[in-house]
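Notes follow the structure.
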Amino acid sequence: VVAQTDALAGRTATFADALRAGDITRAKALYAGTRVHYERIEPIAESFAELDYAIDIRADGVEPDKPWTGFHRIERALWKERDVRAAARYADRLERDVARLARTVKTTKITTEQLANGARQLLDEVATGKITGEEERYSHTDLADFQGNLDGAKAAYAELRPVVAERNPELAATVDRRFAALQRLLATHARDGEFVSYAKLTKGQIRRLADAVDAVSEPLSRVSGVVLGG
């Protein structure tokens, strides 16, 4: 988590510089690669809920008495409004919030239950919400987000896998196999090291992704009981 958040801070600074320079082409090119570091730490986002709101809230989640800031406010300005100056107004705030997050996670205690349940809940969110394209509704960079979420879920599970393998080797093997299948499926949508626009996927392709995510989420739901049950 610390490594990914440090990387996020560095990439966010570069992204913010492009916004402040008025370089919309570069800013768009940096967007997904910057966000992927945030997506990788989402299994423990509940540990920093206030910052998660400031950094990652979508338009339909904004509370009436709070300003809309963060990546998705910038996303809309870049792709829908096509106004890099509007996007740049949020660059300083995003940079400050991410820097604060990088400091916060260094003292955040992560429990075993958070690792197990956070990974599963994140994949559930992908399968039931993000799969619709609602996360990156303007940029359509959803597949990069999915990859980041998968990376984060796998990293969380990896910390628990030795215990799972000892107590329930069949479950460990199932989770491994289904993680690998999901990764292979995601890779089919990459071209020259970058994911295609989510808008180009067919309904059938999206359904197969949802099914593959569900296939991982089901055995992951049993990990917490194996690890915490003793």
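The values are calculated or read from the model by the stated rules, or taken from the named source; none is laboratory data. None of the values given here were measured: they were computed from a predicted structure. When we count neighbours, we look across all protein chains shown, and the Cβ atoms used for this are built from the backbone with ideal geometry, even at glycine. Side chains included, ligands, DNA and RNA excluded: accessible areas come from the protein's heavy atoms. Shrake-Rupley method; radii C 1.70, N 1.55, O 1.52, S 1.80 Å.
Charge dipole of segment 72-140 (Cα centre as origin; +1 on each Lys and Arg Cβ, -1 on each Asp and Glu Cβ, all else neutral): 360 debye, rounded to the nearest 20.
For a straight C-alpha distance cut-off of 22 angstrom, the lysines reachable from residue 109 (same-chain residues fewer than eight places away being disregarded) are 154.
Max-minus-min Cα coordinates of segment 147-201 on each principal axis give 43, 18, 17 Å, with the largest extent listed first. Using alpha-carbon positions, what is the distance between the centroids of segment 68-108 and segment 129-172, in Å? Segment 68-108 and segment 129-172 have Cα centres spaced 24 Å from each other. Structural descriptor for segment 79-205: relative contact order 28 percent, calculated from alpha carbon pairs under 8 angstrom and at least 6 residues apart. State the percent of C-alpha pairs, over all pairs in segment 187-230, separated by a distance greater than 16 angstrom. Of the Cα pairs, 56 percent sit more than 16 Å apart. Summing Lys and Arg as +1 and Asp and Glu as -1 over all other residues whose Cβ lies under 14 Å from the Cβ of residue 23 gives a net charge of +3. Please list the non-local residues whose amide H lies under 5 Å from the amide H of residue 21, H modeled 1.01 Å from N, same-chain partners needing a gap of 5 or more. Those qualifying (amide H under 5 Å, at least 5 residues apart or on another chain) number zero. Each residue of segment 149-160 was assigned a 3J(HN,Hα) from its phi angle through the Karplus curve 6.51 cos²θ - 1.76 cosθ + 1.60 (θ = phi - 60°); the sequence is 4, 5, 4, x, 5, 5, 5, 5, 5, 4, 5, 9 Hz, with glycine and proline shown as x. Take the Cα of residue 113, go 7 Å toward its beta carbon, and the backbone nitrogen atoms of segment 211-230 under 19 Å from that spot belong to 220-230. Given in Å, the Rg to one decimal and the Dmax to the nearest whole number for the Cα atoms of segment 30-131 are 14.4, 44.
Output the direction-averaged projected area (hull surface divided by four) of the convex hull of the alpha-carbon atoms of segment 1-76, in nm². If you can, show how the numbers build up before the last one.
Details: hull surface 21.0 nm².
Average projection, Cα convex hull of segment 1-76: 5.3 nm².
Ranked highest first by the average count of other Cβ atoms within 10 Å around their residues, in what order do 97-105, 137-145 fall?
Details: 97-105: 18.3, 137-145: 21.2.
Sorting 97-105, 137-145 by mean packing, highest first, produces 137-145, 97-105.
For segment 58-64, putting each phi into the Karplus relation 6.51 cos²θ - 1.76 cosθ + 1.60 with θ = phi - 60° gives couplings of 8, 4, 7, x, 6, 7, x Hz, in residue order, rounded to whole numbers and with x for Gly and Pro. The Cα-based radius of gyration and maximum Cα-Cα distance (Dmax) for segment 88-175 are 16.4, 52 Å.
As a rough guide to protection, the peptides 148-157, 125-134 ranked by mean Cβ packing within 10 Å, highest first, stand as 148-157, 125-134.
With a cut-off of 9 Å between beta carbons, the residues surrounding residue 53 carry a summed charge of -3, where Lys and Arg count +1 and Asp and Glu -1.
When a 1.4 Å probe is rolled over the protein heavy atoms, the share of accessible surface on the chain that falls to carbon and sulfur comes to 49 percent. Counted over segment 121-222 with a bin width of 5 Å, the fraction of Cα pairs per bin, in whole percents, is 2, 13, 24, 24, 17, 10, 6, 3, 1.
Can you give the accessible area per residue of the chain, in Å², using a 1.4 Å probe?
On the way: 10930 Å² over 230 residues.
Result: 48 Å² of accessible area for each residue.
Each principal axis of the chain carries a Cα extent, and these read 55, 42, 34 Å when sorted largest first. Working ranking of peptides 166-173, 43-50 by packing, defined as the average number of other Cβ atoms within 10 Å per residue, highest first, is 43-50, 166-173.
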